[in-house]
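Below you'll find the structure, written out as structure tokens, and then a few comments.
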Amino acid sequence: MTPKEKIVLLKEVLGSRYPNPKSELNFENPFQLLIATILAAQSTDRQVNVITRELFRVAPDAKSLSRMELDGVKNLVRSINYYNNKAKNILEVSRILVNEYEGRVPDRRAALESLPGVGRKTANVVLSNAFHQAVMPVDTHVHRVSNRIGLVKTGKVEETETELMKIIPEAWVIDFHHYLLLHGRYTCKAKKPECPSCPLSFVCDYARLQS
């Protein structure tokens, strides 16, 4: 089965398993998604949601967060990994948004990637989930699942993004990011993939090698 044929199958199988796929980060607007995604680096969505529940109660938008002192931001995000740098980044991002973008999150990749703590994956998450642009955020889950199943044969996440965009129909891209991410998070795990119960094992290169 070719990678493009596997894409059609994954759309059917994972689309049935995750009929309304969406981010597991809690947010109400593009600003909150941006901040939550910055905080999520090297952390779990569950951890981030615990922190942002209080953070967004105190500072729900760029203007309110930009007015905070750094120590106050640190206290709110202290339980997250690398909280010192993340606190500095989200405070600086908020101030830049207020000063340069009237408090709004830009919907352009270059503008997003110019912000502190925002790389390509974070920018793609915001563009996809907040602005519904057909881009492919690739994290370790998406990279792992794509290579294990045999959709791509890549060594770097940037290569995975490029190759996936070649074979996934544009109209499917946003949902497909979530399909691959959720499949990697709950079934095709890094250390103990659940191959025997996986509905994709019969077309998966990795599962075939394990049998």
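The values are calculated or read from the model by the stated rules, or taken from the named source; none is laboratory data. Remember, it's a predicted structure, so these values are computed and weren't measured experimentally. Cβ placement follows ideal geometry from the backbone for every residue including glycine, while neighbour counts extend to all protein chains displayed. To get the accessible areas, we keep the full protein, side chains included, count just its heavy atoms, and leave off ligands, DNA and RNA. Shrake-Rupley method; radii C 1.70, N 1.55, O 1.52, S 1.80 Å.
Tabulated results
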read-out	value
Global geometry of the stretch 140-190, whether rounded, prolate or oblate, following the gyration tensor of its Cα atoms and the 1.5 cut on a/c	oblate
Over the chain: helical MRE at 222 nm, DSSP H runs n ≥ 4 each giving -39500 (n - 2.57), nearest 500	-18000 deg cm²/dmol
Cα centre as origin, Lys/Arg/Asp/Glu Cβ charges: the chain dipole, Debye	540
Spread of Cα-to-Cα distances over 10 Å intervals beginning at zero, given as percent, for the stretch 1-150	11, 39, 31, 14, 6, 0
Relative contact order (%) - criterion: Cα under 8 Å, at least six apart; region: the chain	21
For the stretch 182-208 and the stretch 66-144, distance of Cα centres in Å	31
Label zone at N99, where the point sits 7 Å out along the Cα-to-Cβ direction: the stretch 39-72 residues whose backbone N lies under 16 Å	62-70
Most mobile listed residue (R67, R104, R148) in the chain, GNM with C-alpha springs under 10 Å	R67
Residue of K156, K88, K22 that the Gaussian network model of the chain assigns the largest fluctuation, springs spanning Cα pairs under 10 Å	K156
Simple label model, 7 Å out from Cα along Cβ direction - E158 to F202, nm	4.0
Segment M165-K4, length gained on full extension (0.36 nm per residue, minus Cα span)	56.9 nm
Nearest-0.05 FRET efficiency for K11 and K63, computed from C-beta distance (R0 41 Å)	0.50
Burial order of peptide ranges 107-119, 50-62 (average beta-carbon count within 10 Å, highest first)	50-62, 107-119
Selection from H141, N81, H178, by position along the positive dipole direction of the stretch 80-182 (Cβ)	N81
Over the stretch 105-173, relative contact order from alpha-carbon pairs under 8 Å, at least 6 apart, %	23
Theoretical gain in end-to-end length, Q210 to Y18 [0.36 nm per residue, Cα-Cα removed]	66.5 nm
Within the stretch 180-211, backbone nitrogen closer than 12 Å to the virtual label 7 Å beyond the Cα of W172 toward Cβ	180
Most mobile listed residue (S94, S79, S23) in the chain, GNM with C-alpha springs under 10 Å	S79
Solvent-accessible area per residue, Å², over the chain with all protein chains present [probe radius 1.4 Å]	52
Where M165, M68, M1 fall by accessible area, highest first, once all protein chains stay in place (1.4 Å)	M1, M165, M68
Charge dipole (debye, nearest 20) of the stretch 1-57; +1 at Cβ of Lys and Arg, -1 at Cβ of Asp and Glu	120
